[in-house]
Ligand code: PLP
């Protein structure tokens with residue numbers, strides 16, 4: 001894996017300069033210098049770095065690419081886009097997003113009442129808001145309130161029941177008013193086309209959302225009957241996130257385009273937009289033969305514009321405005337999680353750890369000889385002997401013939417023999433050797449929670465690019481597994497022989513080593529779980545000033561222990577009193593010791609749950 005696959009997933013957002021990974025923008029600061037700058041202020045756990053310039057890049061690329069496609073085909077409809085809030089609702093993200101997208105009339109999509117309130121307060125009047133997902137009367141009423149405020153809002157009907165509620169709410173809000181105002185109406189259609197991959201369930205007949213053709217005709221009749229046909233302006237579909245293949249999208253576009261044209265010819269005169277949802281894929285792969293996407297944004301935009309034009313021409317209708325709700329594509333690259341390595345777990349297998357006795361069991365003696373006389377020519381033979389001896393020695397232990405020290409010597413010696421043999425045979429590319437490499441992977445204990453920061457890895461095995469922040473001029477040689485700090489064996493990114501990750505050999509007692517997890521900006525933050533009560537990490541926004549220098553802004557620290565407990569509705573006042581009482585009333589403690597313990601306790605309670613690196617503890621002393 002050359003450069004940790006940066007040329008595959010990096011999209012030129014980062015570059016390697018001498019031995020560090022740097023931001024490929026303005027003054028090109030290294031991620032490690034930014035990390036150190038923040039850590040020097042006392043923030044030692046995992047850090048989430050946000051880069052608004054990367055949001056700006058994605059949004060401008062999206063709009064410019066569709067603009068080019070429109071020009072190429074002389075397409076008459078407009079291109080519009082909204083950001084689906086479900087992908088990231090965090091305030092530092094949303095504020096940056098709205099800030100960098102001011103020139104694009106960019107809006108927000110909401111799928112719940114709380115998201116709708118974000119959309120109603122953060123979208124400039126006139127920029128589009130779309131509202132999807134299941135809605136009750138209250139939510140539909142909120143859409144009417146937004147429309148009456150002057151928002152350009154479209155409420156998408158997901159089922160006929162929702163349309164009935166819209167009719168009722170319209171009656172309540174507009175009967176007797178001089179100028180009736182209602183939101184625009186969209187209909188989500190249930191296509192028979194569906195996407196592929198782990199998020200494909202959003203499309204197809206079995207999907208949770210959308211109207212069938214029969215329901216669509218019924219909806220059309222209802223809208224006409226209740227004088228709402230003039231509000232019907234959008235056809236909506238979404239066939240699934242992370243569409244790696246363009247083919248299902250093309251199929252869905254043909255289906256949706258024909259539905260649009262048919263409804264228009266039937267008399268839905270106000271109909272003027274096709275909303276193709278999200279689905280634009282992100283390249284997460286670090287390995288050439290595992291790429292996740294088979295198309296470019298240019299191909300995607302050209303296909304959408306061409307197909308909509310083709311159908312409109314053939315059916316003699318106006319070319320519709322094209323709407324997208326791309327979330328992953330816009331947000332994924334904007335954030336990087338940086339986490340310190342705390343420990344390496346196979347370090348205990350060193351020769352120093354051996355506890356050889358005056359008289360050892362013969363097989364242990366033999367292992368020791370094998371280790372000392374291992375050579376390139378006989379490496380394979382000795383390796384097989386060592387593995388064989390280990391099986392026998394473990395059986396002897398189970399039967400009570402050898403003791404714990406003998407067993408420990410066995411483990412160490414076999415591990416050392418495997419390592420030495422791999423080093424001697426490294427130019428051989430045999431399957432057996434690769435399998436052995438798996439056995440001696442280094443386990444990197446990293447100060448983060450996979451459940452909190454990479455939930456799609458935990459739940460869906462979605463890969464995120466990983467690389468160290470420095471030492472990039474040195475070839476990493478340790479086959480690496482990554483352990484997070486939760487007490488859960490699922491919190492492990494295991495070594496994969498087919499798509500291996502190699503990291504550097506380091507001594508955590510004397511050196512710092514940081515890993516960065518890239519493309520974490522979409523979905524991960526809000527889906528993150530507080531397993532073991534590890535919460536959202538400390539986050540910062542990295543901006544660049546006019547001279548190109550970076551600034552570290554809007555730091556939000558990870559929640560402290562008492563706030564976490566407060567969130568779970570513990571009575572933290574009572575907990576505080578209980579802890580204090582137990583110290584103050586203890587008969588074994590003197591006055592000074594009580595004072596000291598209380599001081600320490602309150603210091604710890606004011607900090608977050610993440611661990612401190614050994615260096616951090618040293619610095620505090
Ligand atoms: N629009 C709708 C209706 C969705 O359900 C989703 C995601 O599930 C999106 C847009 C965003 O999709 P993506 O993040 O793949 O662009």
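The values are calculated or read from the model by the stated rules, or taken from the named source; none is laboratory data. Computed from a prediction, not measured in an experiment: that's the story for all the values here. Cβ sites come from the backbone with ideal geometry, for glycine too, and all protein chains shown count toward neighbours.
Restricting attention to region 232-253, and to residues there that are within 14 Å of the ligand (Cβ to nearest atom) and in a helix (DSSP H, G or I), which single residue is farthest from residue 154 (Cα to Cα)? Residue satisfying both the conditions and the ranking: 248.
Only a single item in (1) crowded, with 16+ Cβ neighbours inside 10 Å; (2) farther than 23 Å from residue 189 by Cβ is not met by residue 156, and it is number (2).
Among the candidates 257, 272, single out the residue that is touching a residue at least 24 places away in the same chain (Cβ under 8 Å) and within 23 Å of residue 83 (Cβ to Cβ).
Numbers: 257 fails: within 23 Å of residue 83 (Cβ to Cβ).
Within the list 257, 272, the selection yields 272.
Residue count for region 298-320 under the criterion of being under 28 Å from residue 93 (Cα atoms) and surrounded by 19 or more Cβ atoms within 10 Å (Cβ to Cβ): the result is 2.
Hey, which of the helices (runs of 4 or more DSSP H) in region 322-410, taking only ones fully inside, have at least 2 residues that are surrounded by fewer than 19 Cβ atoms within 10 Å (Cβ to Cβ) and more than 16 Å from the ligand (Cβ to nearest atom)? Before the answer, list the steps.
Values: elements: 328-331, 362-373, 379-398.
Of the helices (runs of 4 or more DSSP H) lying wholly inside region 322-410, those with at least 2 residues that are surrounded by fewer than 19 Cβ atoms within 10 Å (Cβ to Cβ) and more than 16 Å from the ligand (Cβ to nearest atom) span 362-373, 379-398.
What strands (runs of 3 or more DSSP E) completely inside region 38-148 contain at least 3 residues that are farther than 25 Å from residue 539 by Cα and within 16 Å of the ligand (Cβ to nearest atom)? Write out each step before concluding.
On the way: elements: 47-50, 79-84, 107-110, 128-131.
Correct list: 79-84, 128-131.
So that you can scan it fast, the table gives a plain yes or no per residue for (1) crowded, with 20+ Cβ neighbours inside 10 Å; (2) more than 24 Å from residue 11 (Cβ to Cβ):
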position: 456; (1), (2): yes, no
position: 465; (1), (2): yes, no
position: 469; (1), (2): yes, no
position: 477; (1), (2): no, yes
position: 489; (1), (2): no, yes
position: 509; (1), (2): no, yes
position: 522; (1), (2): yes, no
position: 527; (1), (2): no, no
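Might you let me know whether region 204-222 holds any residue that is surrounded by fewer than 16 Cβ atoms within 10 Å (Cβ to Cβ), modelled with pLDDT under 95, within 28 Å of the chain's Cα centre (by Cα) and within 16 Å of the ligand (Cβ to nearest atom)? Taking every residue of region 204-222 in turn, at least one turns out to be surrounded by fewer than 16 Cβ atoms within 10 Å (Cβ to Cβ), modelled with pLDDT under 95, within 28 Å of the chain's Cα centre (by Cα) and within 16 Å of the ligand (Cβ to nearest atom).
Table: residues versus (1) closer than 25 Å to residue 30 by Cβ; (2) not in a loop (DSSP other than H, G, I, E, B).
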{"site": "448", "(1), (2)": "yes, no"}
{"site": "452", "(1), (2)": "no, yes"}
{"site": "456", "(1), (2)": "no, yes"}
{"site": "459", "(1), (2)": "no, yes"}
{"site": "462", "(1), (2)": "no, no"}
{"site": "471", "(1), (2)": "yes, no"}
{"site": "475", "(1), (2)": "yes, no"}
{"site": "479", "(1), (2)": "no, yes"}
{"site": "487", "(1), (2)": "no, no"}
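Scanning region 276-296 for residues that are outside any loop (DSSP other than H, G, I, E, B) and either touching a strand residue (DSSP E or B) at 6+ places or on another chain (Cβ under 7 Å) or near the ligand (Cβ under 10 Å from one of its atoms) (or both) returns a single hit, 280.
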